[in-house]
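Read through the structure below, which is laid out as structure tokens, and then see the notes.
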Amino acid sequence: MITALLVMALGAVLLGAALGYAAVKFRVEGDPLVEKIDGILPQTQCGQCGYPGCRPYAQAIANGDADINCCPPGGEDGIRKLADLLGREFKPLSGEHGVEKPKSVAVIDENVCIGCTLCLQACPVDAIVGAAKQMHTVIAPQCTGCELCVAPCPVDCIAMVPIAESMDSWKWKYPVIEIRKAA
Amino acid sequence: MRRLFGFWGGIKPDSHKNESTRLPVAKAPLPSLLTVPLRQNAGASPRIMVKAGDPVLKGQMIAAPEDGLSVALHAPTSGHVRAIEARAIAHPSGLAGICAIIEPDGAERWVELEPLDAARTSPEQLRRRLREAGLVGMGGAAFPSYVKAGGTAIDTLIINGAECEPWITCDDMLMRTRGEDIVGGAIMLRELLGARKLLIGIEDNKPEAIAAMRAAATRADPGLEVVAVPTRYPAGGEKQLIRVLTGLEIPYGKLPSHFGVQCFNVGTAAAVHRAVSRGKPLISRLVTLTGNVAEPRNYEVAIGMPVNELIALAHPQADTDRYLMGGPMMGFALPDLAVPVVKATNCIIAASPTLFPAPTPEMPCIRCGACAQACPAELAPYELYWFARSQNLGKCQEYHLFDCIECGCCAFVCPSRIRLVDYYRYAKSSIRAREKDKLAADHARERYEFRLAREEREKQDKAAKLAAKAAETKAKLARASAGDESAPASESDDKKALIEAAMAKAREQTTPALNTDVHRMTAEQQAQVTVAEARHAAATATAAKDT
Amino acid sequence: MASYLFIVLGAALVNNVVFVRILGLCPFMGVSKKLETAIGMGFATTFVLTLACGTSYFIDTWLLVPYELIYLRTLAFIVTIASIVQLTELIIEKTSPVLHQVLGIYLPLITTNCAVLGVPLLNIGMRHDMLESMVFGLGAAAGFTLALILFAGIRERLEGADVPVHFRGTAIAMITAGIMSLAFLGFAGLDKYK
Amino acid sequence: MLNSPYITKPASVSAVMFKVLAALLPGIAAYVWFFGAGILLQIALASITALAAEAAVLAMRGKPLGLFLKDGSALVTAWLIALTFPSIAPWWLIVLGVLVAIVVAKHLYGGLGQNPFNPAMVAFCVMIVAYPQLMSQWPAAGFTDFAAEFRAIFGADRHLDAIVMATPLDALRTVLRLPETRATVEGVLGSNATFGNIGGRGWEWVALGYLAGGLWLIQQGVISWRVPTAFLATLGLISGAFALVDATQYAGPTFHLFTGGAMLGAFFIATDPVSGATTVRGQIIFAAGIALLTWIIRTFGAYPDGIAFATLLMNICVPLIDMRTQRPVFGRKTGKTPDGRQP
């Protein structure tokens, strides 16, 4: 009995020492995974996921605090890519964080804008230009469509307008297979 | 005899070339209105120079080349500009593009033409002429010719007269009737590029064209070689023809000029000749009108002629159900017949269910590998299909999706009748869109991080300022109490400092607060809001009434 | 020499850990979605298993048998293997973060992975000597890696298949594993032929 | 809107499948001549089951019935099962085998074109593992009593002693492996009058029938010549090499090529495009792998014929083989260009 205890204790001490040494020797700084996840997220910085921006959400995913299906702007495509990166099962977008919408840009109704600069401060990517008491306008190519400027506007002059299809943005559609039942 | 090389794959569909070569080339009459799309070249749009109501002369420049890849655009005939507006143009999407609508006056008055003597003109000037004459590749890609004519270290110039797609015969007829122009243009391009060799490749199913070109070539320059290449689709693809004539394989992402080769279509060569030695811009071209029509034939058509007026010339049969622009392998069905003929239009085919039967239903892929045997790009089409179908775009790229030239050989041979090219087109445009999104996201991240950094800096600056002020005040107070007796006059100074500090503090607190919260707005702002809301309501009311 | 060949052959193919002994199914199902990670997992397990067989042989012959502590075999092996796995985890975390993220839940699972405990126990039962133990561990691990890589290849392709909705994911993977197991039965008898 | 290309070559999946069926006919004729018409019963039974199972699954999944039933792929699977199972196996064995093939091996993976394993071979392996006894009762050569075969297939009590006979492969394996005997290949194959000199009387004629059908398929362009060639060459070479070393213990190439399922495997099983490799080099590796494994299992393994197991084992490797044997794409070849210029 004593031998058994001694042997096991000795083993535990030896192995513990080895592990402790390795833990110091192979310590990991930072988490390169967060970068990779952040690279997949759409960078709208909209906060619909419940985190203040894309990077915090990436951090949360890497830590295992957040699920991969909380990003409506990234859509199914984004979830698929995250699932692929992390080796997890794909799951549909969780409804509580919102739904996937067509890509839009904010447009300020310039007749109504009072130049209060509230939207300027809300925009996470500085895509709205203007000064106090002067008309504001959105730089469309910079706008991520996050909708964060819509709520603060005191006069509701900001509307989200879906981006119209142009010759440059036109895409070939997924082929629809027509199988006639009669054939 | 020149040694020819083979290329992998390819197919031999029925050529249907005889139908439209029986009758000679005819000149199509001018339509009632010409619709000239602004952007007819790969790259950027030129800048429009006329406005509605302006009179124009035949060959007058109506849009000037802008920075980037763009070429000039000219009025195809004399008349008036009716409008500059968005109209449906020849594109599979059916989307509209900006067009100049020109009403011909029937007089066909030319602008003053300035012919150049190629031998006595500098290369830069010649290239400018190509650009200002609106020359683009007439084989279908519509790439600006002046760019391709600017290559350096070109060893071999190839003139592409292969015309491998079934039904199309416009290049064939051009070679038969205007061999001199083609050879003249080809020699100009050769001098311009400093090429050593000049080859004209023609598929051997066009003996008349070969004979005509040989005759024209011997008259002009015995060093010019007309080569008959074996008939096999897509031998007329640029990469395939270069492979057949020189043995070089041009990979995706590289240009022929990197390998010392440059390739022009016969139509482009003829247009170069006209543009230089006669000064005529590109305002018309040969178009094959064939398929399910009573009189298949090639017409010389003014750019901008609506397709429906052109079709009427050939008397389509009653059972025609749609019209294809381009050949049956790579062309597209016109979503709207009012679209105009453009510089890249080579053929209009009237399709009927008998000529082009509706496809039988798609069966699953059985991985028979017939597509891989037919693929001239030597890809694995079955794998590309498998991954494109399941939207695995990353894998598509791993299997070199973008090396696909969309020639359609795989879909032609597929026993399961899978519309393979549709899947590749879909996957390609999805990947392009995704890359664009990715760029936009990276850009947004950069801006966001910059904003965060700025806010952080502002906060720190503010804190530092406050701390400095506080320290200063404290020091002053300390100084004041220490030198109370010695300097009574400083009392007022101290007070002033204190007041100043307090005021500064108040300012720091109120200024940013002013605009961050709706509830803390000033009365003035509140009033503005009310006014604006009233305006807003009025605007919506009128909008509602209108609709 | 030939006997080593038969040990490897027997452990890798005829009595494949996954397909015939049905051990180590957890990582087999979990880490076979992508070829890349399957290869990583395969090599991690190979490393652990070879080492585990060797160390457990030492522990058994030098510690447990002389002191008549054979009844502690399972316990002693678990402790040893757990430490080796932990070590592997630390090293992987440093060298390949993505692999670490993927193996995240599986690496600790290697600790209690029946294959990693089962193979040393089987090995002791077979009365192999030191070198034979290592070879046996290597063979079994090679079999595991082979199974994992082949399975991952098929699963990557199955991703594009039009599998009936109810069978998507793990269900069809299980069926595939079953058919693969069936195919491996074809090797039956190869190790008996002498 | 329909996109280009607007023209296609006249070819279809069903044409391919029905040509395969036609190519099996010479082999079946020889089968009937030597082993009686029982095989026809089995083929009919298998075909009916296959079509019924296919129809049921398609209906359940809401796929167009007519389109997929017409493609003939289920019939090919059914015929291969009938030809690889013993022709005097009880009816339920065939029915069960066909159900496994069509429902599990084919439709659970999504149906035609998506199954990673050859359905007929899955059925064979499942059945030989589950019913080893029944799966190795083959009719004796020259036994063509249809009534007895009918009773064997549908009868409740099977008196098989008169008609059952070990196949040459089976005999060779069991006798050579007996401990303490000094049996030789020649002794086993020559000692029994029913075994001819090639692959067992009767079976070599069936094999020749398959060979003829297979050559026709190659001529028709339905299958590539590479797969059968690689298969037969590998099997011939390996068995020949070992027979050279010790002819008493290892049967020669003629025996291996003309016995069991070798010809059927070379022309009809290894050539299945769906579950086999697709690249040119991959096809050769795939077929050679099956041949090698077949020989190993026949010679050292526990099962009489290795074709089915070998096919499944190589099916498992197909995704990796295809992945690793992709040819270089146009313009991406590393070799020099004809002019000697480097890309």
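Read the figures in this text as sums done on the coordinates, not as results from a lab. As the structure is a prediction and not an experimental result, all values here were calculated from the model. Because the Cβ atoms are built from the backbone with ideal geometry, glycine has one as well, and the counts that use them run over all protein chains shown.
Numbers at a glance
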| read-out | value |
| --- | --- |
| At R0 = 45 Å, FRET efficiency that the Cβ-Cβ distance of C:CYS114 and D:LEU65 yields, to 0.05 | 0.45 |
| log₁₀ of I(q)/I(0) at q = 0.23, 0.25 Å⁻¹ - region C:1-100, Debye sum with one point per alpha carbon | -1.26, -1.29 |
| Cα-centre dipole for region C:2-187 with unit charges at Cβ (Lys and Arg positive, Asp and Glu negative), debye to 20 | 280 |
| Reduced Cα scattering model of the protein assembly as shown, Debye log10 I(q)/I(0), q = 0.04, 0.09 Å⁻¹ | -0.35, -1.25 |
| Spatial separation of Cα centroids for region B:333-402 and region B:113-145, in angstrom | 34 |
| Cα shape, region B:359-459, gyration tensor, a/c 1.5 rule | prolate |
| Under-5 Å amide H pairs with B:SER284, H placed in peptide plane, nonlocal only | B:ILE303 |
| C-alpha long axis of helix C:130-158 to longest principal axis of chain C, angle in ° | 10 |
| Region A:32-97: C-alpha gyration tensor shape, a/c 1.5 cut-off, then a/b vs b/c | rounded |
| Helical segments meeting 30 Å axial Cα length and Kyte-Doolittle 1.6 threshold in chain A (DSSP H) | A:2-25 |
| Equivalent ellipsoid semi-axes - Cα gyration tensor, region D:11-165, angstrom | 28, 17, 12 |
| Farthest positive-ward along the protein assembly as shown dipole, Cα basis, beta-carbon charges - from B:VAL227, D:GLN249, A:ILE128 | B:VAL227 |
| Farthest positive-ward along region B:168-222 dipole, Cα basis, beta-carbon charges - from B:ASN205, B:GLY179, B:LEU189 | B:LEU189 |
| Proximal charge balance of D:GLY276 [Cβ under 10 Å; K/R count +1, D/E count -1] | -1 |
| Electrostatic dipole magnitude of chain D [Cβ: Lys, Arg +1; Asp, Glu -1; Cα centre; debye, to 20] | 1360 |
| Per-residue average of Cβ from other chains inside 10 Å of B:418-431 | 4 |
| Pairwise Cα inverse-distance average, inverted: Kirkwood Rh of chain D (Å) | 21.2 |
| Rounded to whole Hz, the Karplus (6.51, -1.76, 1.60) HN-Hα couplings of region A:127-132, x for glycine and proline | 8, 10, 10, x, 9, 3 |
| Value at 222 nm in deg cm²/dmol, rounded to 500, when DSSP H runs of n ≥ 4 in chain D each add -39,500 (n - 2.57) | -18000 deg cm²/dmol |
| Centre separation in Å (Cα based) which lies between region D:251-288 and region B:4-18 | 34 |
| Rh (Kirkwood; distinct C-alpha pairs) - region D:45-105, Å | 11.6 |
| Sum of -39500 (n - 2.57) over DSSP H runs of 4+, divided by residues of chain A (222 nm, nearest 500) | -10000 deg cm²/dmol |
| Reference-scaled alpha-carbon Rg (2.2 N^0.38 Å with N residues) for region D:1-71 | 1.56 |
| Within chain B, helix-based [θ] at 222 nm, where runs of 4 or more DSSP H residues each add -39,500 (n - 2.57), nearest 500 | -12500 deg cm²/dmol |
| Number of partner chain Cβ atoms within 10 Å, mean per residue of C:167-177 | 2 |
| Separation between Cα centres of region D:124-140 and region C:5-60, rounded to whole Å | 32 |
| Compactness relative to 2.2 N^0.38 Å, alpha carbon Rg of chain B | 1.39 |
| Positive dipole terminus of chain D, leading residue within D:SER4, D:LEU25, D:LEU176 (C-beta point charges) | D:SER4 |
| Coordinate range along principal axes, alpha carbons of region B:245-284, Å, largest first | 36, 19, 15 |
| Check: the protein assembly as shown dipole with +1 on Lys, Arg Cβ and -1 on Asp, Glu Cβ, in debye | 1680 |
| Stokes-Einstein D for region B:123-279, Kirkwood Rh over Cα pairs, 37 °C, 0.692 mPa s (µm²/s) | 216 |
| Ratio Rg/Rh, restricted to region D:174-322 and using Cα atoms, in which Rh is the Kirkwood radius | 1.00 |
| Cα-based Rg of region A:104-162 normalised by 2.2 N^0.38 Å, two decimals | 0.94 |
| Sequence ranges B:471-478, B:288-295, D:53-60, C:19-26, ranked by mean other-Cβ count within 10 angstrom, highest first | B:288-295, C:19-26, D:53-60, B:471-478 |
| With Cα atoms, 0 to 90° folded angle of helix B:490-516 axis to chain B main axis | 40 |
| Per-selection Kirkwood Rh - region C:2-187 (Cα, Å, 1 d.p.) | 16.9 |
| Cβ neighbours within 10 Å from other chains - mean over A:121-130 | 3 |
